[in-house]
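Encoded as structure tokens, the structure appears first; notes follow it.
The values are calculated or read from the model by the stated rules, or taken from the named source; none is laboratory data. Small disclaimer: the values here were computed from a predicted structure and weren't measured. Note that we place each Cβ from the backbone using ideal geometry, even for glycine, and neighbour counts take in every protein chain shown.
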Amino acid sequence: MKKIIAGVIGALVVAGAGAGLWFFLDSSVAAATVGKVKISASQVDGTVKAIIAERKTVSTSGMQLAFGAALTAESLNYYIISHLLADTAAANNIVVTDAQVSTRAADILKQQGSATKLKMGEVSSSMASKDFPGYVREILYVEALTKIVEAQGTAVANSGTAVQSLVRAVALKEGVTVNAKYGTWDSAQVTVAPPGAASTTNPTPAPTK
């Protein structure tokens, strides 16, 4: 989760070629589940295709971009983290409105100076433009959760780790499973490890009743 959030924030404060999918996605099966919520292969496919298409609209020279299985895992991770952050926020009585998201998105665009610079940041972080509002919502959730853990006495330097712990706890409670085609769920790092990548833990089992 730290990698995703760091990548999002980095893309918003700083101003090639695409690659095909490493396998054909079957849109009829779930790429992952978070509790009772299913994330479809078509959702992930749509994000990957959008990212690849947008890379062709800017110069990617000097960018360190994810491709193939790594890109697919990152795209799936976006959807998983979105659900987990939303549920973690709800458990802590945090509400983020569409108006707040729109206001922050406008602020970010103004900060960047132009839509072109914002697009460069999105491409650099393998973020599809269509998912930008979702990433902004994630940032607002993280900021609100950070205020909570700091109000409880967590040092500023440790607030990121504390927020990650809150999200990890929700993931363990709800259960996260990932289709083996996409990799495995690393419950310690709260992220999807691509196929063949070493994870620090076994996949999180679904909760038992």
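The table below lists the values:
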{"quantity": "Residue list for the stretch 74-86, filter: surrounded by fewer than 23 Cβ atoms within 10 Å (Cβ to Cβ) and polar (S, T, N, Q)", "calculated": "Ser82"}
{"quantity": "Any chance Ala157 is in a helix (DSSP H, G or I) and more than 19 Å from Asn92 (Cα to Cα)", "calculated": "yes"}
{"quantity": "Residue check for Tyr141: within 26 Å of Ile39 (Cβ to Cβ), in contact with a Leu (Cβ under 6 Å, 6 or more places away or on another chain) and not polar (S, T, N, Q)", "calculated": "yes"}
{"quantity": "Among the residues listed as Ala89, Ala115, Ala99, Ala105, the single one being modelled with pLDDT of 90 or more and buried (at least 20 other Cβ atoms within 10 Å of the Cβ)", "calculated": "Ala89"}
{"quantity": "Hits in the stretch 51-69 - residues which are of a type outside the set (Val, Ile, Thr), surrounded by 18 or more Cβ atoms within 10 Å (Cβ to Cβ) and in a helix (DSSP H, G or I)", "calculated": "Glu54, Arg55, Ala69"}
{"quantity": "Residue within the stretch 112-122 that is aliphatic (A, V, I, L, M) and under 24 Å from Trp185 (Cα atoms) present", "calculated": "no"}
{"quantity": "Set Ile80, Ile94: member being on the phi < 0 side of the Ramachandran plot and part of a loop (DSSP other than H, G, I, E, B)", "calculated": "Ile94"}
{"quantity": "Per-region count, the stretch 98-123, residues under 19 Å from the mean Cα position of the chain (by Cα) and of a type in the set (Val, Ile, Thr)", "calculated": "3"}
{"quantity": "Residue match in the stretch 57-74 (condition: within 20 Å of Gln164 (Cβ to Cβ), at pLDDT 95 or above and not small (Gly, Ala, Ser))", "calculated": "no"}
